[in-house]
1. Quick one: Karplus J couplings for segment A:450-456, per residue in order, coefficients 6.51, -1.76, 1.60, θ = phi - 60°, nearest Hz, x for Gly and Pro?
2. Relative to 2.2 N^0.38 Å, what does the C-alpha radius of gyration of segment B:7-200 come to as a ratio? Two decimals please.
3. Given the options B:184, B:137, B:84, which has the most mean-square fluctuation in a GNM of chain B, springs set between C-alpha atoms less than 10 angstrom apart?
4. Shape call for segment B:1-79 from the C-alpha gyration tensor, a ≥ b ≥ c root eigenvalues: rounded (a/c under 1.5), prolate (a/b greater than b/c) or oblate?
5. Quick one: which residues, 5+ away or cross-chain, put their amide H under 5 Å from the amide H of residue A:143? H built at 1.01 Å from N.
6. Mind putting a number on the dipole of segment B:7-200 about its Cα centre? Charges go on the C-beta only, +1 for Lys and Arg and -1 for Asp and Glu, and I need it in Debye to the nearest 20.
7. With charges only on Cβ, +1 for K and R and -1 for D and E, what is the dipole size of the protein assembly as shown about its Cα centre, in debye, rounded to 20?
8. Once every DSSP H run of n ≥ 4 in chain B is given -39500 (n - 2.57) and the sum is divided by its residues, what mean residue ellipticity at 222 nm do you get, rounded to the nearest 500 deg cm²/dmol?
Amino acid sequence: MTNVNAKTLYEKIWEAHLVHHEPGQAPLLYVDRHLMHEVTSPQAFEGLKIANRPVRNPSSILATLDHCVPTKDRDKPIADPIARKQVETMMANCATHGLNLYDMENPNNGVIHIVVPEHGFVHPGMVTVCGDSHTATHGAFGALAFGIGTSEVEHVMATQTLPQEKSKSMMVRVDGALSEFCTAKDIALAVIGKIGTAGGNGHVIEFAGEAVQALSMEGRMTLCNMAIEAGARAGMVAPDQKTFDYIEGKEFAPKGADWGTALNYWKSLPSDEGALFDTTVVLQGNDIAPQVSWGTSPEQVAPVTSTVPTPESFGDDNKALACKSALNYMGLAGGTQITDIEIDYAFIGSCTNGRIEDFRAAAKVARGTTVAAGVTAIAVPGSYHVKVQAEEEGLDKIFLDAGWEWREPGCSMCLAMNGDELKEGQRCASTSNRNFEGRQGKGGRTHLVSPAMAAAAAAAGKFVDISANNAS
Amino acid sequence: MEPYKNHNSVAALMNRNNVDTDQIVPKQFLKKVERTGFGAHLFHDWRFNPDGSDDITFELNKPAFKGAKILVTGDNFGCGSSREHAPWAIADYGFNTIISTSFADIFYNNCFKNSILPLIVDGAKLDALMNEIASNEGVSFTVDLENQTVTTPAGNGFSFDIEPFRKHNMINGLDDIGLTLVHEDKISTFESNQKQSMPWLWRNA
């Protein structure tokens, strides 16, 4: 039976944040939390200064330095003068406006989408923005979190609102259980492989189903993080007991009597029974194998058990052409077994897979192995807290003993702004989120995988079907 | 923001799908703290040879497309990062109109903040426009934002939809922030109500 009053999680948050809507104008949406890093904010601060506008609510902002920061030799000044200026500009802007900045000396420093959840800064039901497309990460908490441009960063600082058209809603349901060798990353890649990088355009995705509910908060963050790679404005998961347990006690969590009031509200947020979605996509958890991207778009992905496709295998001319061009860039022949693709580099880290669970999963595979001859392998924790935790658990030793480098936190080789990059033609098993041409360095070739798959590839020098290996 | 004026300009053809923001402006150029000068880096990795000279095989380097203000391109243009450096580079290079079947959401929003008009057409219309350019490189199209039309010499013109507020802002070069601050009283009222109903949001931050 259809309940006409049934609402989705997205609709509930939308309605609770609508400040004003008059015909002919974009609805004005209130923003609760604003996250910031050094790359997409300097021009916004400059705009405020030119217009002589203050930051409306400095306490709504949490900032970090992550994109340009070196992951080694952190005691020395940043060698690249332009990067150094960008970092110094961020520090000066935050000081001027009294903003909470986790700078490079701060023990809370790390990648913005890693540090924000660590401190409980985003709660269920919040509208959260950041000049960064991977803001979708925070949808894992049942928040509406999305990336914005620098003009919008300035807009939010000045007004605490954004003119926003309401998105369509998409339900992505993953039924059944995942195999023990598959992770949230494999779900994300399988979903993008199915619906394409434009499949979510104009939509907010709610992820649900048994396999999604079974994910830890960290797994949900990985999944929502990559909603943008499917073209969606945001990804979200309904808040549940795991969400509440994760937030409770953290620095910015509601305290005392507020906790109960907040909890009651959060429990009212999940989509109502019978709520309508504009689009629904269903995957079977046990159909998902460990995924490896083979091309230059996250939708160009295949199970590790399969082969690189040929252009002729696509019915669609555009996809065939895209395949041909991607194979050319990637230096791959259609029909190659994925497990025959040899790598030069392995990277574990990023806002997608730079959390403690990711390093635990990778360390479990890396333990007692040796990085293959000719392969460089770097492990880059997403934050100092992740680094310290991993070191307490002895994970750093496992990586170091296996021949990995153990670095300081930052975005690092996910987008290669800080000097960590591939050379022309080098091939990388990467736990990051984008395999675009040149993303990890000009001419670099990126294969997106889960942390365990990256660790296995580093040891073998090529991709490995970890499910077969462990089963034997 | 610069007001958007009607114009008759060369339309350049870039027949590629899923052009991502890492291609539009590669990350090594994102370290600047200014908004200006990004046009020199537009499509850097495709546009230039390793020695810095123009790669003559890259479509936008064709002499016929010099001075183009209109870019006709494939599906899902601007996917990837939220970097506004991408539309800054496009505008600084000289484009003010992009025609495609679809755009990535964040990129699409960013265009309107930078006086770039992103126009969506169906696949058949895009093919017709692409064919017209391919068979007559250097052809000029006319964009009339007030009347919401594009006209072409071969008759492949079309009318387009645009939200009235976006059209108004573009034609008048209006600052979004100023327009929002007209509603300052409503924002303050919203905040007072939220402080009452969800006090925890205001205590810890």
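Taken together, the values in this text are just the output of simple stated rules run on the coordinates, not laboratory data. Just so it is clear, the structure is predicted and the values come from calculations on it, not from any experiment. Here the Cβ positions follow ideal geometry from the backbone for every residue, glycine too, while neighbour counts run over all protein chains shown.
1. Once θ is set to phi - 60°, the couplings for segment A:450-456 become 7, x, 5, 5, 5, 5, 5 Hz.
2. Relative to the rule-of-thumb radius for its length, segment B:7-200 sits at 1.17.
3. B:184
4. It comes out rounded by the Cα gyration axes.
5. Counting only residues 5 or more places away or on other chains, the set is A:125, A:237.
6. 280
7. 520
8. Roughly -9000 deg cm²/dmol at 222 nm, from the helical runs in chain B.
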